[in-house]
Amino acid sequence: MKKNIIKGALTLGTLFVLLLNIPILFENKITQKIKWAANDAVHAKIGFEKIKLSLFRSFPQLNIELKNLSLSGTGDFDNARLLNADELSVSVNLSSLWSNDGLIISSIKLKHPSINILVNKSGKSSWDLSKPKSSAGGGTASDKKSSVIKLEKIEISGASLSYQNEYSPISLSLINGNFELSGALKGNTGKLRISGQADSIHLESNGSRYLANLKIGLKGDLQSDFDKKSYKILQNQLLINKLPIELQGSFSLADNGTNFDLIFKSPTSSLADLLGFIPEKYQKNLKGIETTGAISFGGFVKGANSGTSLPAFSVDLKITDGRLKYPKLAKEINQIEVNANISKPQGDLDLSRIAIEKADASLAGNPVKASLYISTPVSDPQLKGSVKGVIDFTSLRQAIPMDSVDLKGIADASIDFNGQYSSIDKGQYENFKTDGRITLQNFIYASKTLPQKLEIKSGNISLNSKTVSLTRFSGNFGESDFAAQGTITNYWRYLLRNGVLTAAVTLNSGYFNINQLMVRTNPGTKEPGGAGKSSGIPENLDISLQTTVNKALYDRLSITGITGKVTVKERKVSLEGLNLNMLHGKVLVSGTYSTPNGAAPDFDIKLDIKDFDLPTAYQSSETIRHFLPIAGQSTGAFNSAISLTGKIGADDAPVFTTLNGDGTLSGRNIELTGTGFFNEIAKYFRKDLFKRVKISDFTTSFKMANGNITVAPFSTRLAGQEVTIAGKQSANLNLDYKLDFKVNKEDLSQDVNTYIGFVPGAENIKKYPIVINLGGSFDKPDVKVDLSEAKDLVAKEFTKKAGSAIQDALKKFGLDKLFK
């Protein structure tokens with residue numbers, strides 16, 4: 001008994017060792033067999049990082065894992081990557097590896113494959129990989145038998161698919177697909193049960209998007225005949241978002257394309273099921289909604305997909321007596337009637353026809369009727385449609401949730417159009433027949449996207465083929481009132497192809513609060529004064545506004561008598577001869593304000609300023625408060641002619657370090673009080689001389705580079721003293737000015753005059769030259785008095801009286817210390 005146990009253990013141990021070593025002993029043989037089978041079957045370059053073999057994972061099958069599998073094209077698609085996969089796991093019958101009858105594969109698992117299918121302009125597919133079979137008498141047949149695969153199960157997880165057809169052109173993409181095929185694939189026939197889902201599917205053709213972010217689920221049976229390349233759908237259910245679709249029919253592969261004979265329909269007939277077609281991210285808006293109404297949804301796909309010739313298809317949708325009611329809302333949308341069809345015969349996609357014969361509903365008691373017909377959608381869309389209805393938005397709010405917007409008022413619309421889009425492209429608007437009107441009464445619109453509430457008290461809009469005309473269009477935007485009239489052209493191209501909208505409008509206003517129009521260019525920034533990204537003037541606008549505004553408010557500026565022209569074009573606002581009354585004076589403005597895409601807004605402006613009141617300017621202008629803070633304790637007026645460029649920051653103020661330009665500045669009746677940097681000067685002058693500093697009229701010029709100002713020398717009288725001023729200040733207000741005074745002797749301090757009075761010849765000096773070097777900042781001025789020129793003048797006069805005795809006298813009276 002003991003010997004039998006030992007023999008059994010040895011046998012099992014030997015078998016275990018064999019099972020461990022068979023994959024190792026035959027690894028080269030197995031690898032060669034796999035590569036032979038793959039390369040015998042396809043025209044492609046197959047590679048993998050490493051191979052892992054195991055008899056334990058799927059015993060008694062041999063499990064083969066290929067890590068980082070890749071498949072690349074050859075010929076017309078040389079080196080084009082067709083497939084990448086993290087892992088391919090295959091369970092193979094071990095004995096079939098030594099058989100010439102081919103491989104018996106029980107299962108295939110593919111993890112995270114990325115599949116790229118390309119069709120070039122000549123119609124050839126990158127996945128046309130099969131090698132042609134040679135005839136028996138051709139002398140080119142392989143002496144090896146072709147591989148035969150017997151397959152029972154396929155699992156694909158985390159798949160992505162990209163299909164790009166340059167010949168049609170069509171593009172299709174699938175994201176995160178997980179699929180399982182089970183059943184039997186033996187030789188050239190098979191019957192499979194397919195199940196799976198994909199998170200997102202996109203479909204585009206000729207630049208138009210037909211499907212976007214559709215989530216699909218699939219479950220059904222597929223019968224295949226690989227010899228004939230034909231497949232029959234025995235029973236199938238497709239779930240598009242939440243809309244169930246039954247699909248049946250067949251399709252087959254041919255050398256020149258794919259043949260389809262499919263029909264589909266929704267197995268249920270309620271409006272709730274149709275709402276399931278809406279993308280999942282919007283489904284939350286439908287939570288708890290009550291629906292009734294019958295629907296009919298179905299269609300077919302039949303014919304060949306070969307090059308630009310696509311199979312015929314038809315999709316029908318009918319809704320009868322539909323009703324929607326949102327929870328917690330008093331009113332509902334009812335009397336929903338829809339009759340729509342999309343169809344195309346065999347051939348080019350341009351043969352498609354879209355017919356929405358009826359799209360009617362009662363929106364909380366407001367009847368709306370619409371229809372739309374589209375033909376030749378690819379080459380030159382033929383559009384025909386109409387919209388008619390009266391909507392009371394106050395009652396509509398009781399039927400449709402409008403948490404993000406506030407809508408009130410009444411809109412009465414009737415619009416008909418008929419024509420080919422090429423007429424719009426060519427500017428032949430008379431060939432695109434349009435007739436319509438829209439009347440607004442007490443219309444109010446407010447949302448988080450608008451800085452203020454828009455109210456249109458009354459407005460008449462009429463449409464013809466060429467223009468939209470505004471008449472008696474008046475209302476308010478926040479505190480601002482407006483009355484406008486004018487025309488808008490090229491509106492169809494703007495609506496259909498994002499073309500340039502052109503408008504010429506006359507705008508009148510009694511009061512306009514410009515501050516309420518401003519939207520922060522970069523809200524939430526923690527760096528005031530830094531350049532923010534542009535919120536952006538739309539690129540596709542060409543608008544001309546002739547304005548007359550009685551009174552306006554901008555920043556703290558009160559402006560009156562605004563007249564001039566404002567144009568908006570190519571993300572830029574241009575001011576042309578804009579006349580303003582402000583700061584108790586007048587200004588003529590011209591220039592531009594631009595919002596380059598994704599960059600900080602910039603401006604290039606010219607100002608001709610007459611008689612601006614200095615203290616009012618300080619209170620009203622951020623720029624003056626920054627560059628001339630002492631103006632806050634001043635009186636007087638100034639004139640200026642300025643050319644200035646720069647950028648606008650996130651706080652809607654100029655970025656001072658970006659300012660460049662030049663100009664002239666003249667002052668009139670200016671008086672400064674309480675300016676701290678005169679305190680140091682004052683101790684050398686008559687008491688209280690610099691407490692109220694009058695500046696006589698002057699004119700100077702200046703230049704600005706990156707916010708640094710350089711002031712050209714100019715002469716004036718400061719506190720009654722002759723002075724020449726020149727210097728500069730930086731963008732962060734570091735001062736570097738020089739003031740050359742000629743000081744009246746009687747305006748010097750008593751101490752200085754006492755000393756000078758004992759100096760022989762001093763009686764001949766009427767004015768003393770004193771130089772003030774002003775540094776530091778306006779908040780903390782650094783004042784240095786240079787009396788060297790006064791010393792030289794006293795010395796010169798004293799020399800005339802006492803010759804070389806000047807040094808002794810200076811020491812005697814202590815003036816040598818004063819004039820150092």
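Some values worked out for this structure:
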read-out: For residue 561, net neighbour charge (Lys/Arg +1, Asp/Glu -1) across residues whose Cβ lies under 11 Å away; value: +2
read-out: Carbon and sulfur %, accessible surface of segment 231-287 computed with the full protein complex present, 1.4 Å; value: 54
read-out: Carbon + sulfur, % of accessible area of segment 416-494 - ligands and nucleic acids excluded, 1.4 Å; value: 49
read-out: Surface accessible to a 1.4 Å probe, per residue, for the residues of segment 153-296, Å²; value: 55
read-out: Three-way shape call for segment 527-635 based on the alpha-carbon gyration tensor, with the a/c threshold at 1.5; value: oblate
read-out: Net charge of Cβ neighbours under 14 Å - reference residue 360; Lys, Arg +1; Asp, Glu -1; value: +2
read-out: Accessible area expressed per residue, segment 542-609, with surrounding protein chains retained (probe 1.4 Å, Å²); value: 49
read-out: Pairwise Lys count, segment 417-484 - Cα closer than 29 Å, eight or more residues apart or different chains; value: 4
read-out: Calculated FRET value between residue 433 and residue 106, using beta carbons and R₀ = 51 Å, to 0.05; value: 0.15
read-out: Accessible area of segment 688-740 belonging to carbon and sulfur atoms, whole % at 1.4 Å probe; value: 52
read-out: Area accessible to solvent at residue 325, 1.4 Å probe radius, in Å²; value: 40
read-out: Sites residue 296 and residue 375 - FRET efficiency at Förster radius 25 Å, r taken between beta-carbons, to 0.05; value: 0.60
read-out: Length released on extending from residue 799 to residue 253, taking residue separation times 0.36 nm less the Cα-Cα span; value: 184.7 nm
read-out: Solvent exposure ordering (accessible area, 1.4 Å, most first) of 797, 455; value: 455, 797
read-out: FRET efficiency estimate (nearest 0.05) - Cβ-Cβ, residue 232 to residue 448, R0 41 angstrom; value: 0.15
read-out: Counted charge near residue 296, where neighbours are those whose Cβ lies closer than 9 Å (Asp, Glu -1; Lys, Arg +1); value: +1
read-out: In Å², nearest 10: area of residue 643 left accessible to a 1.4 Å probe; value: 40
read-out: Given 551/610; 109/242; 728/780, the pairs whose alpha carbons are separated by over 23 Å; value: 109/242
read-out: Cα centroid separation - segment 354-418 against segment 560-620, whole Å; value: 42
read-out: Per-residue ³J(HN,Hα) for segment 112-118, Karplus 6.51 cos²θ - 1.76 cosθ + 1.60, θ = phi - 60°, Hz, x for Gly and Pro; value: 6, x, 10, 10, 10, 10, 10
read-out: Kirkwood-Stokes translational diffusion coefficient of segment 539-603, alpha-carbon pairs, 25 °C, 0.890 mPa s, µm²/s; value: 192
read-out: Nonlocal amide H pairs with residue 555, under 5 Å, H built at 1.01 Å; value: 515
read-out: log10 of Debye I(q)/I(0), alpha-carbon scatterers only, for segment 666-745 at 0.12, 0.14, 0.22 Å⁻¹; value: -0.37, -0.51, -1.16
read-out: Computed lengthening from residue 50 to residue 792, 0.36 nm per intervening residue step minus Cα-Cα distance; value: 257.6 nm
read-out: Segment 269-364 - percent relative contact order, Cα under 8 Å, separation 6 or more; value: 24
read-out: Area accessible to solvent at residue 49, 1.4 Å probe radius, in Å²; value: 130
read-out: Rh (Kirkwood; distinct C-alpha pairs) - segment 280-357, Å; value: 15.0
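The values are calculated or read from the model by the stated rules, or taken from the named source; none is laboratory data. This structure is a prediction, so every number in the text was calculated from the model and none was measured. Neighbour counts run over all protein chains shown; Cβ positions are idealised from the backbone, glycine included. Protein only, heavy atoms only, side chains kept; ligands, DNA and RNA dropped before computing areas. Shrake-Rupley method; radii C 1.70, N 1.55, O 1.52, S 1.80 Å.
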